[in-house]
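The structure appears right after this line, and notes come after that.
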Amino acid sequence: MKKKAYLVVLALCTALAFTACGTTTDKKENTKSAAEAQDTTNTDKEDSGSEASDSVDSSDKAAVSGDTRLVSADDVSKYVTIGQYKGLSLDNTVEAVTDDAVDGRVEEELQNKAEEVTEGSVQDGDVVTINYVGTKDGVAFDGGTANNYELTIGSGTFIDGFEDGIIGMKKGQTKDLDLTFPDEYPSEDLAGQEVTFKVTLQSFKRAPELTDEWAAKNTDCKTAEDYKKEIRKTLESEAKTSAQNTLRETAWNTVLSASEVKEYPQDDLDTAKTEFRTLYENYAKQGDMTLEDFVKAQGISMDDFEEQGSQYAEYKVKQNLIVQGIMDAENMTLEDEKSLAVQDELIQAYGVKDLAALVDKYGQAAVDESIGLLRVEDFILDNATVEEKVTAGDTEGENGDDPSTDGSSAEGEVDEELETAEAADMVPAE
């Protein structure tokens, strides 16, 4: 049963907030300082809550006055027991930037500035534009034909022998490549089969060599070494941003997993389920399909779809209950000064004119939930003990010291599940 596509939607209610975190981390410090200077009424109350608490009993505190709430319940404590959210011990682990990482990014940047080659032949690493037709027993097969397709030689995008066969070709040349699909190829019609690709090389580009001359001409740096230093600064900034995003997620997930829902407000569940269904009905309409046909095309049943809708609803409502409960307990509202500062950050992060434009694009509920979540995450981190660390591979250091002395790669793993869709009509790698 293919649940991944629907499980992704379980995070939709946090997607807006976490995306904003990633784009505003560098300026959040200054923004928060300005907000704190303006918010004279709530600062003392929030700072005084620095001592750890194991749970929140909202029944002992009246709900804070505010026009907007994330849940229908006035007394959140009837529905959820919130785990410890003050006094958490967290690690902010920043990935160390190694020479290998710098060289890799430089190579990517040079590849992006590849220039067309008019003389000579294709080499490994060149970016080619090709037309090709794949045939089996003289008949073209589905997914084996394309025009003006751009391919980086050596990327491993195509089956073995395809890219190697293009090396040495000249512009305008046509060549037949006799190849065999791997036995484990997903298509039963092609798995293990001998085929022929007729390939025509339209043009090809090659990345420039990093020299002082190239750096002075194409960047703001005077030398190749200066350019590498700028690349390192960029990677270090990205590493800090990534670490901060991970820290925020860890902080929130720690509270989320330590909290327990006693009962779900039925109205909120129904609203979330309707939201889930409407989302996929809109997807189906874009494909000129009914919801039932769309779900069937994903390889699952309507019962499975309904189950995923229930999971989404419970996840979303639990999140909103916790966020609202903490806001109530700590005298926060979505309309106070700090929440308005978060609102401004979202507007800037998404490059829209004002809040109305953000609401028009994502909906009022999503915007409110994002503001509330970011607001609470800030509070959790402000009241946590955070240990700064630097890591490279399996080695960790503290207080910003880079423990890597052997040049080992510090690149983290990247989730590339969504990237597989773009190869649907191509000839993928083994």
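The values are calculated or read from the model by the stated rules, or taken from the named source; none is laboratory data. Keep in mind that this is a model prediction, so the values were computed, not measured. Cβ coordinates were reconstructed from backbone atoms using ideal geometry, including for glycine residues, and neighbour counts include every protein chain displayed. Remember, those area values only see protein heavy atoms, side chains included, never the ligands or the DNA or RNA. Shrake-Rupley method; radii C 1.70, N 1.55, O 1.52, S 1.80 Å.
Conditions first: (1) touching a strand residue (DSSP E or B) at 6+ places or on another chain (Cβ under 7 Å); (2) modelled with pLDDT of 95 or more; (3) closer than 30 Å to Gly165 by Cβ. Glu115 passes all but one, so which condition is the exception?
Here Glu115 clears every test but (2).
Between Ala216, Ala239, Ala251, Ala243, which is open to solvent by 50 Å² or more (accessible area, probe 1.4 Å) and not in a loop (DSSP other than H, G, I, E, B)?
Values: Ala239 fails: open to solvent by 50 Å² or more (accessible area, probe 1.4 Å); Ala251 fails: open to solvent by 50 Å² or more (accessible area, probe 1.4 Å); Ala243 fails: open to solvent by 50 Å² or more (accessible area, probe 1.4 Å).
Matching residue, one of Ala216, Ala239, Ala251, Ala243: Ala216.
Here are some residues: Ser65, Ser59, Ser77. Which one is surrounded by fewer than 16 Cβ atoms within 10 Å (Cβ to Cβ), over 31 Å from the mean Cα position of the chain (by Cα), in a helix (DSSP H, G or I) and at pLDDT below 95?
Selected residue: Ser59, the only one of Ser65, Ser59, Ser77 that is surrounded by fewer than 16 Cβ atoms within 10 Å (Cβ to Cβ), over 31 Å from the mean Cα position of the chain (by Cα), in a helix (DSSP H, G or I) and at pLDDT below 95.
Taking region 97-135, which residues are among the hydroxyl-bearing types (Ser, Thr, Tyr), assigned to a loop (DSSP other than H, G, I, E, B) and open to solvent by less than 50 Å² (accessible area, probe 1.4 Å)?
Selection gives Thr98, Ser121.
Please go through region 363-417 and give me each residue that is of a type in the set (D, E, K, R), under 21 Å from the mean Cα position of the chain (by Cα) and at pLDDT below 85, ordered by number.
If the condition is that a residue be of a type in the set (D, E, K, R), under 21 Å from the mean Cα position of the chain (by Cα) and at pLDDT below 85, then Glu411, Glu413, Asp415, Glu416, Glu417 are the ones that fit.
Working only within region 219-236, note down all residues that are in a helix (DSSP H, G or I) and either crowded, with 16+ Cβ neighbours inside 10 Å or of a type in the set (Asp, Glu) (or both).
Once the filter is applied, which keeps residues that are in a helix (DSSP H, G or I) and either crowded, with 16+ Cβ neighbours inside 10 Å or of a type in the set (Asp, Glu) (or both), region 219-236 yields Ala224, Glu225, Asp226, Tyr227, Lys228, Glu230, Ile231, Arg232, Leu235, Glu236.
I'd like to check something: does region 156-168 contain any residue that is open to solvent by less than 30 Å² (accessible area, probe 1.4 Å) and acidic (Asp, Glu)?
Within region 156-168, one or more residues are open to solvent by less than 30 Å² (accessible area, probe 1.4 Å) and acidic (Asp, Glu).
Among what's in region 283-328 and is touching a helix residue (DSSP H, G or I) at 6+ places or on another chain (Cβ under 6 Å) and of a type in the set (Gly, Ala, Ser), pick the residue that is nearest to Gln266 (Cα to Cα).
Residue satisfying both the conditions and the ranking: Ala313.
List, please: which pairs have Cβ atoms under 9 Å, are six or more places apart or on different chains, and start with a residue in region 164-178 that is closer than 18 Å to Val117 by Cβ and free of Cβ contacts under 8 Å to residues at least 40 places away in the same chain and end with one that is part of a loop (DSSP other than H, G, I, E, B) and hydrophobic (A, V, I, L, M, F, W, C)?
Lys175/Met169
Residue check: is Val94 part of a strand (DSSP E or B) and either in contact with a strand residue (DSSP E or B) (Cβ under 6 Å, 6 or more places away or on another chain) or at pLDDT below 95 (or both)?
Considered against the rule, which asks whether it is part of a strand (DSSP E or B) and either in contact with a strand residue (DSSP E or B) (Cβ under 6 Å, 6 or more places away or on another chain) or at pLDDT below 95 (or both), Val94 comes out as yes.
Report, by residue number, each residue of region 269-291 that is of a type in the set (A, V, I, L, M) and surrounded by 15 or more Cβ atoms within 10 Å (Cβ to Cβ).
Those that are of a type in the set (A, V, I, L, M) and surrounded by 15 or more Cβ atoms within 10 Å (Cβ to Cβ): Leu269, Ala272, Ala284, Met289, Leu291.
Just to be sure before I move on: is Val127 within 30 Å of Ala239 (Cβ to Cβ) and among the aliphatic types (A, V, I, L, M) in the structure I sent?
yes
Just to check your reading of the model, which residue among Ala357, Ala313, Ala366, Ala349 is touching a Leu at 6+ places or on another chain (Cβ under 7 Å), open to solvent by 10 Å² or more (accessible area, probe 1.4 Å) and of a type in the set (Gly, Ala, Ser)?
Working: Ala357 fails: touching a Leu at 6+ places or on another chain (Cβ under 7 Å); Ala313 fails: open to solvent by 10 Å² or more (accessible area, probe 1.4 Å); Ala349 fails: touching a Leu at 6+ places or on another chain (Cβ under 7 Å).
Being touching a Leu at 6+ places or on another chain (Cβ under 7 Å), open to solvent by 10 Å² or more (accessible area, probe 1.4 Å) and of a type in the set (Gly, Ala, Ser) holds for just one of Ala357, Ala313, Ala366, Ala349, which is Ala366.
Kindly indicate which of Glu263, Glu292 is part of a helix (DSSP H, G or I) and not polar (S, T, N, Q). Break it down stepwise before answering.
On the way: Glu263 fails: part of a helix (DSSP H, G or I).
Glu292 is the lone residue from the list that is part of a helix (DSSP H, G or I) and not polar (S, T, N, Q).
Could you list, in sequence order, all residues of region 222-241 that are more than 10 Å from Val102 (Cα to Cα), modelled with pLDDT of 95 or more and of a type in the set (S, T, N, Q)?
The answer is Thr223, Ser237.
Given Thr200, Thr180, which one is over 21 Å from Asp100 (Cβ atoms), open to solvent by 70 Å² or more (accessible area, probe 1.4 Å) and hydroxyl-bearing (Ser, Thr, Tyr)?
Thr180 is the lone residue from the list that is over 21 Å from Asp100 (Cβ atoms), open to solvent by 70 Å² or more (accessible area, probe 1.4 Å) and hydroxyl-bearing (Ser, Thr, Tyr).
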